[in-house]
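Readers should treat all values here as calculations from the given coordinates under stated rules, not as data from a laboratory. Just so it is clear, the model here is predicted, and its values are computed rather than measured. No Cβ is skipped: glycine too gets one built from the backbone with ideal geometry, and neighbour counts run over all protein chains shown.
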Amino acid sequence: MNAVFTVIFAASLIAVTIVSPESFLPALMDGAKTSVSTALTLFCVYAVWTGLERLAEKSGLERLAARGLKRGAAKLFKTSNEAACGYIAMNLSCNLLGLGGAATPFAVKAMGELEKEDNGFAQKLLFIINSTSVQIVPTTVIALRAGAGSLAAADIFLPSLICTAFSTVFAVGIYLAGVKLWRT
Amino acid sequence: MAYVIPAIFLAVFIAAAVKKVKIYDEFSAGIGEAVKFTMNLLPFLAAVFMMCELFEVSTLSDRLTALLSPVFSALGIPSELVKLVLIKPFSGSGSLAYLSKIISENGADSYVARCAAVCYGSSETMFYISAVYFAGLKKKRLAASMAIVAASTLLSTVLACFICKFM
């Protein structure tokens, strides 16, 4: 991320100096402003879900969900950390249901748990799965199309499912193959 | 679908009540984690958004779009989609705005709008996710993972534009 940031920022900086140097400072401040409003939106979503998650944790529901998925998650993510498996299970279920906002806090907690055992492999795998999208029903898109007067707003369901399944399976496959090659 | 989330809440509240959890205290403590998390995240978000804004203002994004259009059309991706595909890894709200623009300009049931909808629904904001997930953790070498995600997202975009011709 450091390299990506530096390259894009520096290139844009040089370009903006040539094109319109007076818009440099306003652009940075606009960016900062957007970050605050985004953080505020995120807080609202997280507040709801981390609050609920704490209740689920304290009432033992999370351990129950984790136990079901534990063996699968433990094997795929190469971790024996029960809490991490629970968070991963919750993250994946929320993603599948299209509750992207709810999925993120669980992922962040899973990352924290995995950090304790220094499990970079699992962290990257979780990142890859989440970044290739594993949503079953793209609710936002369907709502947007319906709002724009589509006659069959949900007809993108099947193509979306095929594409999202393909990208996730492909990326995870390459990653696992890459890790294997690297280590041997 | 509207019943799912209230039902989840109800189930958790009942389970918590049965286990005699102090619901108000624990719910608030959970929200406290959201506060901590948001505060940790804010500096990274600010940096990323400054970069995005600068990228846009500097006209580099337009130039890149123009530059990549021929490459994308060779892959069967309509030129209207180029900017969406480029923005999506960075910004969810930015790309959503762009998706709604494509839909309103081309009609919701047009080929381009359907492609755009599938691409949007089957990809994720990679840079944003990487910033959020790895904020405050020990440095990891992420370049290879990001390249894998970018490649598979591009392939699924090509697939989406192909499938939408038939479905």
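Based on the reciprocal of the average 1/r between different C-alpha atoms, the Kirkwood radius for the protein assembly as shown equals 21.3 Å. For the peptide A:174-181, the mean number of other protein chain Cβ atoms found within 10 angstrom of a residue's Cβ is 2. Spatial offset of segment B:90-110 relative to segment A:134-184 amounts to 17 Å, using the alpha carbon center of each.
Counted as membrane-span-like here are DSSP H helices of chain B whose alpha-carbon atoms extend 27 Å or more along the helix's own axis and whose Kyte-Doolittle mean is 1.0 or above; these are B:23-57, B:143-163. For segment B:45-167, the relative contact order works out to 26 percent when only alpha carbon pairs closer than 8 Å and six or more residues apart are counted. In straight Cα distance, which aspartates and glutamates are under 17 Å from A:K124, not counting same-chain residues fewer than 8 positions off? By straight Cα distance, A:K124 reaches A:E113, A:E115, B:E124. So if I take the centroid of the Cα atoms in segment A:2-52 and the same for segment B:1-80, what is the distance between those two points in Å? Value for the Cα centre distance between the two parts: 14 Å. With the gyration tensor restricted to C-alpha atoms of segment A:132-184, the semi-axes of the equivalent ellipsoid amount to 35, 8, 6 Å, longest first. Expressed per residue, the C-alpha convex hull volume of segment A:1-139 stands at 140 Å³. Partners of A:K180 within straight-line reach, counting aspartates and glutamates whose Cα lies under 19 Å from its Cα and excluding those fewer than 8 residues away in the same chain: A:D118.
The alpha-carbon of A:K58 sits under 13 angstrom from the alpha-carbons of these aspartates and glutamates, leaving out residues fewer than 8 places away in its chain: B:D25, B:E26. Using the alpha carbons alone, the radius of gyration of chain B stands to its Kirkwood radius in an Rg to Rh ratio of 1.08.
The order of B:S79, B:S152, B:S91, A:S131, going from fewest to most other C-beta atoms within 10 Å of their C-beta, is B:S79, B:S91, B:S152, A:S131. Exposed loop sites, defined as chymotrypsin sites (Phe, Trp or Tyr not before Pro) outside DSSP H, G, I, E and B with at most 12 other Cβ atoms within 10 Å, are absent from the longest region of chain B, namely B:4-165.
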